[in-house]
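Below you'll find the structure, written out as structure tokens, and then a few comments.
The values are calculated or read from the model by the stated rules, or taken from the named source; none is laboratory data. On a predicted model such as this, the values are computed, not experimentally measured, just so you know. Cβ: placed from backbone, ideal geometry, glycine included. Neighbour counts: every protein chain shown. To get the accessible areas, we keep the full protein, side chains included, count just its heavy atoms, and leave off ligands, DNA and RNA. Shrake-Rupley method; radii C 1.70, N 1.55, O 1.52, S 1.80 Å.
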Amino acid sequence: MCELRQQKMQEWLATLTSYSFDLSTVSAASSDASFRRYFRVAETGTGKTHVVMDAPPDKEDVKPFLHVAHALKVAGLNAPDILASNLQDGFLLLTDFGNTTFLQALGQGASSESMYRRAMSDLVHMQTRTSVAGLPLYAAEKLLSEMALFEQWFIQAHHRAELTTQEKNWLAGIQNLLVQSALAESQVFVHRDYHSRNLMLLPGTEQTPELGIIDFQDAVAGPLSYDLVSLLRDAYIQWPEEQTLDWTIRYWEEARKAGLKVPADIGEFYRQFDFMGLQRHLKVLGIFARLNHRDGKAQYLNDLPLVLEYVRKVAARYIAFKPLLLILDRLEDKAVQVAYSF
């Protein structure tokens, strides 16, 4: 955090006299892939901590965060409370959900079955009760612009390669097919990054997990399967395909009971899930490459192999995606080995 931002933040915190903050306790809480940063600060005497979001106004707009946080709270979900705000300078004072992410809890031995069941139950709750009023639509233009990052950053910047005219046509056809599938789904509230780093295990709930939801400012109204893909085909943790299928079926059953418009046939729903995952992971390959090459965040390169594995597995399952395997094989100089199920 630059010295000027640090000074501004501390000056603002000092004006919040009802909290009596000990400014010497300000410490980094976390950061994300954007320009936002998070800090933790304790109150004098009690030691109770709160989180400060630092969102430089020339880089980040906090209004979407405020809007979505309100919608989630109204729906009865565990979004952080907005305790104080300074929109001019880009600071928010938030509830502190603690230090343990969903991913860290799993690494510390938490029951994956309990954790994922809770996350899926919260997802169904979020999709059935959270208002999409005022949210942007996950329209075809947005879905396509996201997938364009794959060619720009993963192929051109990361692999230093160019697609042939034929390959460009192949990719365009695949992208249009993915968009058609996404738009044909029931459209609901979509968090867009509902995964193991953006869910927090709330303190004191280890035996019966309660999850806090963060990093939701990019929410849209969009395809029902999107957040489930984010959760079950997470870029930061992998599960066997059999386990993913089992959890997908459990979600599908719960979603149907809740009145969500999912396909009556689980096979069709899993196809939608696959197609939505491919759209998301093509985007993620581009984003991770951009974070490295443009923003100097090389740590995201460590997550590329898993995302590529997801892409390859889905592409190998459907004849329509064979051209994508051919493109990836050329980039990685591999022999083509394809087995189709559909």
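Here's the yes/no breakdown for (1) aliphatic (A, V, I, L, M); (2) open to solvent by 10 Å² or more (accessible area, probe 1.4 Å); (3) in contact (Cβ under 8 Å) with a residue 40 or more places away in the chain:
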{"position": "196", "(1), (2), (3)": "no, no, yes"}
{"position": "202", "(1), (2), (3)": "yes, yes, yes"}
{"position": "207", "(1), (2), (3)": "no, yes, no"}
{"position": "212", "(1), (2), (3)": "no, no, yes"}
{"position": "216", "(1), (2), (3)": "no, no, yes"}
{"position": "219", "(1), (2), (3)": "yes, no, yes"}
{"position": "222", "(1), (2), (3)": "no, no, yes"}
Worksheet entry | Selected residue (criterion: nearest to residue 198 (Cα to Cα)) from residues of segment 2-30 that are modelled with pLDDT under 85 and loosely packed, with under 14 Cβ neighbours inside 10 Å | 2
Worksheet item: Applying the selection to segment 252-262, what residues are surrounded by 16 or more Cβ atoms within 10 Å (Cβ to Cβ) and in contact with a Ser or Thr (Cβ under 9 Å, 6 or more places away or on another chain)?
Response: 254, 255, 260, 262
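From the list 146, 206, which residue is charged (D, E, K, R) and at pLDDT 95 or above? I'd like the intermediate steps shown before the answer.
Details: 206 fails: at pLDDT 95 or above.
Just one listed residue meets the conditions, 146.
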Worksheet item: Are any residues in segment 264-282 free of Cβ contacts under 8 Å to residues at least 24 places away in the same chain, within 14 Å of residue 186 (Cα to Cα) and crowded, with 16+ Cβ neighbours inside 10 Å, and if so, which ones?
Response: none
Item to complete: Report those helices (runs of 4 or more DSSP H) wholly inside segment 245-342 carrying at least 3 residues which are closer than 24 Å to residue 119 by Cβ and at pLDDT 95 or above.
Response: 266-293, 304-315
